[in-house]
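> Next up is a structure, given as structure tokens.
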Amino acid sequence: MKYALCIAALLSSLTLLRADDATGKAGGMSKTPLLLKQGGTVGNPAVFDGKGMVIDLGLDVTDHAWKKDGDIWTSSGRLLGREPIAAGQLAGLFLDDLPLSLPRDVAAEKLHPEHKEHCFLAPSALKPGQMGYAEDGSLYFRWPAGKSPGSTRLILPPKPGISCVSIACSNIIVRNITAKHAANDGFNIHGRWTGIRIENVRAIANADEGISAHDDVEMAVSDAEIAWNGSTAGGVADVDRCVTSYSHCTVHDNLAAGFFMAGKSHLVTDSTIYNQTRDFVILKGTECRRERNEWRQPPAAAP
């Protein structure tokens, strides 16, 4: 979730698979972001049916020359030449679909405010499932429980700011797409677009949110699975002045809340939320109605 992100500048810098180019790839695998900008009318919306299309932007770095010290692994220099990303918002690496969080070293930032969001916890201070960067740009992480070398792929997101699916039009139905391993959102919507419907999609293992609406977007989402996304806000984060609804969705295993609502008005109904630290975060002044949802809280820790 990037509150000040300029979508026009971002899209102009990317190689994108446009809707007409994607038609022949429906139902298959794509390594290219999808831009949808051809809408219909209120009475006759455009339809983009991915027919099971999987957009997976991740880069497999399992066979990189990792330096191994117990459960701490460190890349040999910058991983694929990448600069460190800012700490505190995004996941920087995935173990299969499990996002690794990138916490800020707040104590170090107080001493070096000029390096805000670029002070990282030392390897010895990491909890399982966390990562950081060394001074030379090397990426390091601590293996979490349940993931083992030899049976786990290490997946690097693409360059920063890239989403799997970007919707830039009104009156469109988007369905039957899996979006995963984006550096930004699985489904990203900026602008003043209305009449957007997203149906039967999976937003899985993206570095920021699975689905995120911004600005003045009006959107309805139904029958979506939103899981293992790395944002420190939520699996869903709808912000600014947007108006959104979610129905019959399954939201689980995201690093933060299931839903982070900071837009104008939201409705979430008949949805299931589990394996989340929180079900909803609703900012002050945001209207969010919740009806017939089930939150399966994690079991209490043993005494």
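> If I filter the stretch 147-162 for residues that are within 30 Å of G40 (Cα to Cα) and either in contact with an Asp or Glu (Cβ under 6 Å, 6 or more places away or on another chain) or not hydroxyl-bearing (S, T, Y) (or both), do I get at least one hit?
Taking every residue of the stretch 147-162 in turn, at least one turns out to be within 30 Å of G40 (Cα to Cα) and either in contact with an Asp or Glu (Cβ under 6 Å, 6 or more places away or on another chain) or not hydroxyl-bearing (S, T, Y) (or both).
> Still on this structure: Are any residues in the stretch 41-82 crowded, with 18+ Cβ neighbours inside 10 Å, polar (S, T, N, Q) and part of a loop (DSSP other than H, G, I, E, B), and if so, which ones?
S75
> If you go through the stretch 88-114 one residue at a time, how many are touching a strand residue (DSSP E or B) at 6+ places or on another chain (Cβ under 7 Å) and either in the same structural domain as N206 (by TED's automatic domain parsing) or not in a loop (DSSP other than H, G, I, E, B) (or both)?
5
> Next question. I'm trying to understand the selection: among the residues of the stretch 189-221, which are within 17 Å of the chain's Cα centre (by Cα), assigned to a loop (DSSP other than H, G, I, E, B) and either more than 24 Å from P157 (Cα to Cα) or among the charged types (D, E, K, R) (or both)?
Matches in the stretch 189-221: D208, E209.
> Go through (1) over 24 Å from G88 (Cα atoms); (2) part of a strand (DSSP E or B) and name the single condition I226 misses.
(1)
> Could you count how many residues in the stretch 254-274 are surrounded by fewer than 23 Cβ atoms within 10 Å (Cβ to Cβ), without any contact (Cβ under 8 Å) to a residue 40 or more places away in the chain and closer than 14 Å to G210 by Cβ?
Count: 1.
> Residue check: is I85 modelled with pLDDT of 95 or more, part of a strand (DSSP E or B) and among the hydrophobic types (A, V, I, L, M, F, W, C)?
no
The values are calculated or read from the model by the stated rules, or taken from the named source; none is laboratory data. Predicted, not measured: the structure shown is a model, and the values here were computed from it. Methodologically, a virtual Cβ is constructed for each residue, glycine included, from the backbone with ideal geometry; neighbour enumeration extends over all protein chains shown.
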